[in-house]
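Undergrad: Questions regarding the structure given below will be posed in turn.
The values are calculated or read from the model by the stated rules, or taken from the named source; none is laboratory data. Keep in mind it's a predicted model, so treat the numbers as computed, not measured. Cβ: placed from backbone, ideal geometry, glycine included. Neighbour counts: every protein chain shown. Accessible surface areas use protein heavy atoms only, side chains included; no ligands, DNA or RNA. Shrake-Rupley method; radii C 1.70, N 1.55, O 1.52, S 1.80 Å.
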Amino acid sequence: MTGAPPSYCFVALPPRTTKGHILFGKNSARQRDEVQEVLYVPSRSHEAGSKVQCTYLAIDQAAKTHSVILSKPAWMWGAEMGANDYGVCIGNVDVITKQAADDASLLLGADLVRLGLERGTSAKEALDVITSLLEEHGQGGSIFQAGGQGFHSAFLIVDRAEAWILETVGKFWAAEKISDGVRYICNHLSLKTHIDLEHPELQNHAQGQGWWNGDEEFNFSEVFSEHEDGDDCLGKKAEENQEELMTVESMINILRNKSSGICVDTDTFLTAASAVSVLPKDDKWPCIHFLTGTPDPSRSVFKPFIFVDNVKDVPMVQSSCVGDNICDHDHSQWKHELYEAHQCAISLMDKDKEEGDQLHNTMLGLEKQGLDAMEDLLSSPNALDPSEVADLFYDCVDTEIKFYK
């Protein structure tokens, strides 16, 4: 298989958002038959000298890892997107550059997403984690379970205060800090002449490869992109109303937009899962993360998750391979309960328009209840009672499955 899955990831910061919140959203395009699970991993302490087995490579484990919620291909250790209990969100997309991707079994971009979340308490700290691991171990290996092509990685790293775009070429990298407005990343390099941080040998590497003469202004995407024509990430198509403030609902609608190409549905790739996070500036309010756990956001339910103590486990969105185990079996065994119920619902929508429309409206009504409840929570003068939301994601998934039945 050739070609990078056309995933999209974006962030909206004040003044382009309502109530001063930061919004993060991502669609994860994967092979059509690949299942993506939602996995909560609580904070853990680890013995000195212990290792963590990533998708292909075992590396030194951190002394402590943070609690994370991950949306991830079932066969991978790493994640396409996720968040941690410090309010850090990270999304990854695959990029093609002039430099061939390494096919050795190194760290995947998805592994770096999870490692950044498990070890970073802020967006900047997560960026430092990722770049340090990238320089130490390199990136490489197929992003497809059946093997094949590998890619370089771009990351969007966000917290309650700021965002960073990190784009990589092998072990080399460049990063830009984003403090306001709306920015996207996709399968094209997007960083240009404004670079806030970079690998110390980045420009020497580019010059040594003959891709930059050293005299012209250094433009990262122009120097390293394979093609010259396309670094807009469809952002202008998605952000149709430039003057309107972004909300959770408008971000969800962007992720559902098939006409723009952001919601992917082709013979090869499908948007396998989606996520939207709202990150209030004031940490007296919780960050809220909405995840589908199912493919095609235009026909999925975004369900809220909040980090608190004693989060209830949700086996209905986990494949048979959970925790630190790596899957090595066929796709049929990866289908968790929510995925199978959702596939039945999709089949009904395709076969019977009247019943399908009725079910779809029920799904949207269920989602609206969750969105309204989370809006009320963020507007309430009362502090959050953790016990009231420990079962939140479990209850939403359970209710969704019951509607499908």
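Undergrad: In square angstrom, what is the accessible area per residue of the chain with a 1.4 angstrom probe?
TA: Details: 16750 Å² over 405 residues.
Normalised by residue count, the accessible surface of the chain is 41 Å².
Undergrad: Right, here's the next one. Can you sort 106, 70 by 1.4 Å-probe accessible area, starting with the largest?
TA: Values: 106 35, 70 0 Å².
I get 106, 70, largest accessible area first.
Undergrad: Test of understanding: in a Gaussian network model of the chain with alpha carbons linked when under 10 Å, which of 221, 274, 259 would top the mean-square fluctuation ranking?
TA: 259
Undergrad: Let me ask something additional. For a test of the definition: using alpha carbon positions, the gyration tensor, and the 1.5 limit on a/c, classify region 1-129 as rounded, prolate or oblate. Don't skip to the end; give the middle numbers.
TA: Working: a/c = 1.64, a/b = 1.04, b/c = 1.58.
Verdict is oblate for region 1-129.
Undergrad: Just check the chain against the gyration tensor rule for me: Cα atoms, a ≥ b ≥ c as the square roots of the eigenvalues, rounded for a/c under 1.5, and otherwise prolate or oblate depending on whether a/b exceeds b/c. Kindly include the intermediate steps, with their values, before the conclusion.
TA: On the way: a/c = 1.40, a/b = 1.37, b/c = 1.02.
Rounded.
Undergrad: Additional query: I want the local charge near residue 122. Using Cβ-Cβ distances under 10 Å, sum +1 for each Lys or Arg and -1 for each Asp or Glu among the other residues.
TA: Numbers: positive: 124, 160; negative: 125, 128, 159, 162.
Combined, the nearby Lys, Arg, Asp and Glu give -2.
Undergrad: Next question. How much length, in nm to one decimal, is gained on full extension between residue 44 and residue 144, taken as 0.36 nm per residue of separation minus their Cα-Cα distance? Let's see the in-between values first.
TA: Details: separation 100, 0.36 × 100 = 36.00 nm, distance 2.91 nm.
Between residue 44 and residue 144, full extension yields an extra 33.1 nm.
Undergrad: Next up: Between region 169-195 and region 4-72, what is the C-alpha centre distance in whole Å?
TA: Computed from Cα coordinates, the inter-centre distance equals 18 Å.
Undergrad: With every protein chain in place, what's the accessible area of residue 395 (1.4 Å probe, Å², nearest 10)?
TA: The accessible area comes out at roughly 80 Å².
Undergrad: Can you pull the percent of the chain's accessible area that's carbon plus sulfur, 1.4 Å probe, other chains left in place?
TA: Working: 7560 of 16750 Å².
Solvent-exposed carbon and sulfur of the chain make up 45 percent of the total.
Undergrad: Longer than 20 Å from Cα to Cα, which of 72/192; 124/171; 26/402; 98/258; 192/281 are they? Say none if no pair is.
TA: Values: 72/192 30 Å; 124/171 18 Å; 26/402 27 Å; 98/258 29 Å; 192/281 28 Å.
Violating the 20 Å limit, Cα to Cα: 72/192; 26/402; 98/258; 192/281.
Undergrad: What net charge do the residues around residue 209 carry, taking every other residue with its C-beta under 14 Å from that of residue 209, with Lys and Arg at +1 and Asp and Glu at -1?
TA: Working: positive: 98, 171; negative: 201, 222, 226.
Its environment carries a net charge of -1.
Undergrad: In terms of the Cα gyration tensor, with a ≥ b ≥ c the square roots of its eigenvalues, is region 354-405 rounded because a/c is under 1.5, prolate because a/b exceeds b/c, or oblate?
TA: oblate
Undergrad: Local charge sum around residue 347 (other residues, Cβ-Cβ under 14 Å, Lys/Arg +1, Asp/Glu -1)?
TA: Values: positive: 299, 335, 351, 353, 405; negative: 296, 340, 350, 352, 355.
With Lys, Arg at +1 and Asp, Glu at -1, the net is 0.
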